[in-house]
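The structure appears right after this line, and notes come after that.
The values are calculated or read from the model by the stated rules, or taken from the named source; none is laboratory data. This one's a predicted model, so the numbers in the text were calculated from it and none came from an experiment. No Cβ is skipped: glycine too gets one built from the backbone with ideal geometry, and neighbour counts run over all protein chains shown. For the accessible areas, the whole protein counts, side chains as well, though only heavy atoms, and no ligand, DNA or RNA atoms are used. Shrake-Rupley method; radii C 1.70, N 1.55, O 1.52, S 1.80 Å.
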Amino acid sequence: MLKDDILHFLEEKTPLLNIDKLSDEFTANKIAELFNVKRNTISHYLNQMVEEENVIKINTRPVYFLHRNVFENIFSPVQACVFDSLESLKHQIESANNKADILNQLVGADGSMKKAIDQIKSSVLYPGGGLPLILCGPTGVGKSYTANLIYQFSIEKGVLSKGAPFISFNCAQYANNPELLSSNLFGYVKGAFTGADQASKGMLEAADGGILFLDEVHRLNEEGQEKLFTFLDQGVYRRMGETEGWHQANVRIIFATTFDLEGNFLKTFLRRIPIRITIPSLEQRDVKEKQEFVYMFMIDEAKKLQLPIHISNRALDTLISHHYQGNLGDLKNTVRYLVASSFAKDTHSECISITLQDLPDNILRETVQLANQKLKKKNNIIINPDTTLHQLFASNFSSTDDIKKTYHTILHLFRDKYRKDSDNKHLELHIFNEILALFDRFIFFNTEKSTGALMEVITVNVQEVLRYMESTNNVKFNGNSVFAMAHFLYFRGTNPIEYTAEQKRIIKQMDDFITENYQAELLLVTQLVEMLNNKLDVHISKMDEWLLTFYLRSQSIEPANDQRMKAIILAHGYATASSIANVANRLLNENIFEAFDMPLDTSIDDIVKSVLHYVERRDVSNGLVILVDMGSLKDIYPRFTKYIDGPIAIINNVSTQTALLVGEMLGKGFYLTDMIKKLKIANETEYSIIYPEKKKEKVIITSCFTGMGTALQIQKLLEKSIPQSLDMKIIAHDFHRLEESGYTDAIFQLYDVLGIVGTADPGISEIDYISIEDLISGQGEEKFEKILQPVISNDQIEDINNNLLRNFSLERVIATVTILDTEKIISYVEEFLNRLEMLLNQKIPNDKKIGLYVHTSCLIERLIRHEPIEIYQNIDELMKCQRNEIEIIKEAFSVIASVYSVEINIAEIGYIYDYISSASASESVF
Ligand SMILES: Nc1ncnc2c1ncn2[C@@H]1O[C@H](COP(=O)(O)OP(=O)(O)OP(=O)(O)O)[C@@H](O)[C@H]1O
């Protein structure tokens, strides 16, 4: 069927896809062409398969279709089958791959090894036994290591069974004896060559069901290559010396070579190896990856010796920048040598210390060339036996990566949007936003510690430099500039960022743009960099300079002779003032506030000094507003008057809200006095306590004016009587609080209060109240019904009423009966009363029922003790006139009589009759 054929076609093609650039083989057009069917028909089937979730659709122009299962096997499971773009599909793969498989844990998995890993996955997961692959690269780059990982990955993915063989065979060992090589590989028969006394299996056979890794495969002669490609084609081979018959083996082969493929292999042989993977040399890897390898090998050594390794930054940098002829193998040996020789120097030392002097001569010689580089003020690195790579990189690379990404985005934007000789406002805005977002991430969201000593040193220095520049350049930096730039320099670190040739070209173009358009900012940045360089020994690249220039531009640095009223925020705390000024300026879209962050122990003198320093350099003749956080302003006023030439409003309130209000009024040109009036009103503390609105629990409150003891007893009684399934809560609450606070009491905000049951009415009109007496006597039944209505049905109300009576009575019975099990007795009395009601066809009022519970319980005890009441007045009259009632009582009592094996006498029946027929609070039964 055509549909199945299309799916099969995609199944075969998907493993070969290049995720960065999909070929047109995955489009409906191409498939239609190949199948010689109308495009519409193919589209129809493809879309059907997308709906059936067997095919992934990428909704671009043209639309691409991929086999879902195969794709998921190679990359990762996808959440949906339709994607808007290849990017969004890739994005999903990337996030899924973060839950890394073994290949993704390779150094450079998201860098120099990315492509190789994709190829490996395609090869391993190709349906029907995988595809042969060859690993290329100079010696020591990790070909054998990678082959082994491929084996582990194959097991991880279930394409090989656990315990499948992995046979490694180095063809170079037999370079001078092709026959021996061939015999080892394919096996031989007895007499195949001199000394072949008996038949022997080859490596191919030994690898059956697993992987054969053929290293230095260029050593295989033509005959050997031919034999191998027969095997690749048909899965069969002959042992050496065999002339007929074939052996079969199910083997995946990984080839590796340090030679160029072209010219060193038979073309026919190469054709059988569709996947060619180049493993990058150490030189081709970026600094981060090199550093990762050094760390990794150091961790290995630290583990082996169970000692921490301290390595100086200088030694580390030198190790990383050395050119290792033998690549990773060479680097690994160098690290081993270094650690071993340091250890040998003092085998009793508690740690291994590596400095520049410990490096081997050939590496040391190179440091002469490095000597001109600035010394970086970083601490030594300490690697403990249990240190992880992640820990070593956490502090450096997450922020560098973020900066790198931002730079790439900016370069991207510039490439796409920059138009020479035209207005580039839109582009500028875009870039500003990227930079501000980056700074925000550093300041607000970075989990790394940004409050340490180094951060402080940088901040103080940046602050000093900016102040100096302000006075010499007659400009005013925005208060948060210090904070933002300090964070940038701190997180920027010293790790170089590498650029592609294309990016370098854009940087050059950007250079022209900035030089032409941002002269003032550029001048400031150049000065800033120079001064910071002297103070902090930082290394700032061109791109860093551009970023700072754009940043200053975004902050619209103003000339200092601005005539507007000024505003500053002075606050204790590391960044309180800066953060508030930053938010306010951003929201007001203007740089209104300058911030002064003051350590917590700053004295009034220091505050005054800061303000005066500011006043000296600014024209504050039109007025100055100071937001400050002080205990009292008393001491501060007199200190200013001598020095100022305009009014100063000191507002003892530092908050974003106040800053916004002040900023708005300044913008509108308010007079200081009016401003203060408005602020006074606005600063009246506005408060509200918010309670959860949704899903308030339904509750009944119990309370008693004598105190919580009785309230708790009533609570227990209600809890026992109201079925748990109703999910109703009973809460005992203080009577006096209810009486005083009324409906404003927090309990009414927290719960959905249905009613109050207690001994006295707290008088809350919004909530129904029932007294416990009414509830028990039955007079409050209607009210109670109303209270419970939102949660229960009528039947349930009746049950609850009965429970209440029963439980209430139980309390009393407990106090009265002595020998019987009260729970049990009460349940029989309950049955007696129910039957009585039924036979009388009448409801017995609650108050009577409570009495009867107690009376009957005592009666039973009397009967058991054989101490019934024998005397009843008018016994004859009773027997004569109330025969029917007597029978009813007897009949109802029969349950109890049979359970306790007692018999009720006429006198006791008489008392029950009296009880029922006597006047009740409500009505008489008879
Ligand atoms: N990704 C890696 N992570 C950690 N160690 C690695 C990695 N790749 C290689 N190594 C280590 O580097 C050394 C050299 O690797 P390997 O022997 O695999 O290289 P090779 O390319 O096969 O070399 P040759 O061609 O000389 O046989 C080995 O000790 C290996 O364990």
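Worth a mention:
- Residue match in region 497-516 (condition: hydroxyl-bearing (Ser, Thr, Tyr), within 22 Å of Phe439 (Cβ to Cβ) and open to solvent by less than 20 Å² (accessible area, probe 1.4 Å)): no
- Residues that are touching a strand residue (DSSP E or B) at 6+ places or on another chain (Cβ under 9 Å), modelled with pLDDT of 85 or more and not hydrophobic (A, V, I, L, M, F, W, C), drawn from region 717-729: Glu719, Lys729
- Filter pass, His323 being under 23 Å from Gly137 (Cα atoms), open to solvent by 10 Å² or more (accessible area, probe 1.4 Å) and away from the ligand (no atom under 14 Å from the Cβ): yes
- Residue identified as within 16 Å of the ligand (Cβ to nearest atom), under 31 Å from the mean Cα position of the chain (by Cα), buried (at least 20 other Cβ atoms within 10 Å of the Cβ) and not in a loop (DSSP other than H, G, I, E, B) among Ile120, Ile134: Ile120
- Flag for Leu266 being more than 16 Å from the ligand (Cβ to nearest atom) and touching a Phe, Trp or Tyr at 6+ places or on another chain (Cβ under 7 Å): no
- Residues that are surrounded by 20 or more Cβ atoms within 10 Å (Cβ to Cβ) and touching a helix residue (DSSP H, G or I) at 6+ places or on another chain (Cβ under 7 Å) within region 765-799 comprise Ile770, Ile772, Leu775, Ile776, Ser777, Gly778, Gly780, Phe784, Leu788, listed in sequence order.
- The single condition from (1) in a helix (DSSP H, G or I); (2) open to solvent by less than 30 Å² (accessible area, probe 1.4 Å); (3) away from the ligand (no atom under 16 Å from the Cβ) that Val78 fails is (1).
- Taken together, Glu289, Glu283 contain a single residue that is open to solvent by 70 Å² or more (accessible area, probe 1.4 Å) and within 30 Å of Thr500 (Cβ to Cβ), which is Glu283.
- With respect to (1) open to solvent by 50 Å² or more (accessible area, probe 1.4 Å); (2) at pLDDT 80 or above; (3) assigned to a loop (DSSP other than H, G, I, E, B), the lone exception for Ser349 is condition (1).
- Search result, residues across region 141-150 that are crowded, with 22+ Cβ neighbours inside 10 Å and either near the ligand (Cβ under 8 Å from one of its atoms) or not β-branched (Val, Ile, Thr) (or both): Val141, Gly142, Lys143, Thr146, Ala147
- Summed over region 209-252, the residues that are open to solvent by less than 60 Å² (accessible area, probe 1.4 Å) and within 16 Å of the ligand (Cβ to nearest atom) give a count of 9.
- Residues within region 188-224 that are under 28 Å from Cys136 (Cβ atoms) and of a type outside the set (Asp, Glu), tallied: 17
- The residue of region 192-208 that is modelled with the lowest pLDDT, among those that are crowded, with 18+ Cβ neighbours inside 10 Å and within 13 Å of Leu180 (Cβ to Cβ), is Ala192.
- Region 25-75, residues that are touching a Cys at 6+ places or on another chain (Cβ under 8 Å), part of a helix (DSSP H, G or I) and within 14 Å of Phe9 (Cα to Cα): Arg68
- Test: Lys115 is open to solvent by 40 Å² or more (accessible area, probe 1.4 Å), under 21 Å from Gln248 (Cα atoms) and among the charged types (D, E, K, R): no
- Per-region count, region 153-167, residues at pLDDT 95 or above and either within 13 Å of the ligand (Cβ to nearest atom) or open to solvent by 40 Å² or more (accessible area, probe 1.4 Å) (or both): 1
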